[in-house]
Amino acid sequence: MLVDVREPVEFAAGHLRDSRNIPLKELAARMSELDKFKSKAVIAVCQSGVRSAKATTQLKNAGFGEVYSLDGGVTAWQAQGLPTAK
C-alpha cells in the first residue's frame, strides 16, 4: 500500500502509480481509511522524505506493523528515471 502524504496539487502533478493521496495534515483524521492495511506493508511517500517520515511515526503509533518511508521521496524516484502517473 502506497500512501502519498503530499498536498493534492503536488499529487496531481505526478505520483507513484496506485498510490492513495492522504495529505499529512489529514492523516490522523483519515487513518480509518487505511485500517484494512494494518497487517500489510505500508509505504509513505512525499516529495523529499520529510513528511513521509512523520507519517510513518503516526502510522506506527496507530498500530501499523510494517511501515516504511520512501527515501528521498518522489524527487529521488524521478531522478532514477522511474515512472509516475498523473
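The values are calculated or read from the model by the stated rules, or taken from the named source; none is laboratory data. Keep in mind that this is a model prediction, so the values were computed, not measured. Neighbour counts run over all protein chains shown; Cβ positions are idealised from the backbone, glycine included. Heads up: the accessible areas ignore ligands, DNA and RNA and are worked out on the full protein's heavy atoms, side chains in. Shrake-Rupley method; radii C 1.70, N 1.55, O 1.52, S 1.80 Å.
Ordering A44, N21, F64 by Cα displacement along the dipole of the chain toward the positive end leaves F64 in first place; charges were set at the Cβ atoms of Lys, Arg (+1) and Asp, Glu (-1).
Assuming charge only on the beta carbon of Lys and Arg (+1) and of Asp and Glu (-1), the dipole of the chain about its Cα centre is about 100 debye to the nearest 20. Under 5 Å from the amide H of N21 lie the amide H atoms of D4, each residue being 5 or more positions distant or on a separate chain, with H modelled from the backbone and absent for Pro and chain starts. Beta bridges per DSSP, both residues in the chain: antiparallel share near 10 percent.
Between 0 and 90 degrees, the angle of helix 50-61 with respect to the longest Cα principal axis of the chain falls at about 20 degrees.
Counted over all Cα-Cα pairs of segment 22-82, pairs farther apart than 19 Å make up 27 percent. For segment 1-52, would you read off the P(r) tail past 18 Å as a percentage of all alpha carbon pairs? That fraction is 23 percent. Split the accessible area of segment 37-80 by element, probe 1.4 Å, and carbon with sulfur accounts for 52%.
Entry comment: accessible area of the chain is 56 Å² per residue, from protein heavy atoms only and a probe of 1.4 Å.
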